[in-house]
Each structure stands twice: as C-alpha cells, then as structure tokens.
Amino acid sequence: VKVVSALSSLLKNMAKGFNEKVTIRQELDFLENYITIEKIRYIELFDVEITVDDPALYNARIVKLTLQPIVENAIFHGIEPKGEDGGTIDIYLNRTDEDIHIHIVDHGIGMTPDQIYILLHPHENPRNKRGLNGIGVHNINQRIKITYGKNYGITITSEPGLYTDVLICIPFERSSSL
C-alpha cells in the first residue's frame, strides 16, 4: 500500500511537467515518496536524514524535480556499490544571505576528481569508467543555470571511499502564494 501510494503521487507530480517551480516543501514531499519506494526496493540498505535550518525555506521556490535525480544518483552510484554495508544520505538545506544551499551528502564509495568532471561535463567524455553518464546531473545543472543565472548550479566535492557532497545553490525566492 505504501509503495502504490508513493508511486501514484510520484506519477501525478511527473505528469504535471518539469519546468514549473514548486515550494521546497512540495519538492521534499515528492522526494519522500521516491525514498519510500527505494527503501523498500533496497530493503532498507540506506537511511536518509533531512535537515532544514530555517522554516522559511519550506515556502521558498525551487525548479521541480531538482532533488530526486541527485538522490537517485547517491543511491545507485554511492550507496548501492558498498553492498550490504549500505550507508546514509544526509540532506541539509540552509540559507546564506539571499541564496539557498542544499547539500546532498551520501556516505557511499565517493568519486575521484576525474569522475566528478565527467559527471558535470558528460558531453566532453561520453565514455566513462563507472557508468556515470552525467545526463541527469548535467541537465539539472543546466536547468538551474537557465532559470536562475550562471552564478547558480551544482558543485560536487568527494573523497573516494568516504562521501560525495552535491551542493545545489539557488536564489531564495518566496512562494507568491504567501
């Protein structure tokens, strides 16, 4: 029942299109549905902790379907390769001046600087060693830059064997419905 309900909600959200902006609360609800399905699929192989340091962030706007593909990559390419050891994914949202920083940190296998480069620039090296084609991350980064400007987007830091931190930087934009 949980999976069917979560899947139904996911499909409804996806059917509404990808280019609209939603509140961060809506984006996190969408992400929770995705996580519900993946936790059942992977038999609780991972845990997810979400921390929002300012309640005003829940009403800020974000381009729809920004977080889910990043969490999907964290599960498939960071946590799953660890095998039975599993891992955690920590998501931190905080506001600095006029910007929102969203860190998605997986405590999985990590990446090398070359793998990070390939992930952010898939068109420059279509052949990669880990199966990371970067299309999802690259597309999200491009959508953010087109929507908010070149000063915003995705930055990745990682330590092989320890973690990967995907930082999404967007401007703070309140929902107009407030």
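What does the charge count around Asn59 come to, taking other residues whose C-beta lies under 9 Å from its C-beta (Lys +1, Arg +1, Asp -1, Glu -1)? Counting the neighbours of Asn59, the net charge comes to +3. Here, the stretch 47-106 is characterised by an Rg to Rh ratio of 1.04, where Rg is the alpha-carbon radius of gyration and Rh the Kirkwood radius. Taking label points 7 Å from Cα along the Cα-to-Cβ direction, Ile50 and Glu72 give a separation of 1.7 nm.
Between Asn139 and Leu120, residue separation times 0.36 nm minus the direct Cα-Cα distance comes to 5.9 nm. Computed with a 1.4 Å probe over protein heavy atoms only, the accessible area of His123 comes to about 120 Å². Packing-based ranking of 21-31, 151-161 yields 21-31, 151-161, ordered from highest to lowest mean Cβ neighbour count within 10 Å. Using the Stokes-Einstein relation with a Kirkwood hydrodynamic radius computed over Cα pairs, the translational diffusion coefficient of the stretch 27-178 at 4 °C and a viscosity of 1.567 mPa s comes to 81 µm²/s.
The HN-Hα couplings worked out from phi for the stretch 55-70 by the Karplus form 6.51 cos²θ - 1.76 cosθ + 1.60 (θ = phi - 60°) are x, 4, 5, 4, 9, 6, 9, 9, 5, 4, 6, 8, 7, 4, x, 5 Hz, whole numbers, x standing for Gly and Pro.
For Val52, the residues 5 or more places off, or on other chains, whose built amide H falls under 5 Å of its own are Leu93.
The values are calculated or read from the model by the stated rules, or taken from the named source; none is laboratory data. Keep in mind it's a predicted model, so treat the numbers as computed, not measured. Virtual Cβ from ideal backbone geometry, glycine too; neighbours counted across all protein chains shown. Ligands, DNA and RNA are stripped out before the accessible areas are found, and what is left, the full protein with its side chains, is counted by its heavy atoms. Shrake-Rupley method; radii C 1.70, N 1.55, O 1.52, S 1.80 Å.
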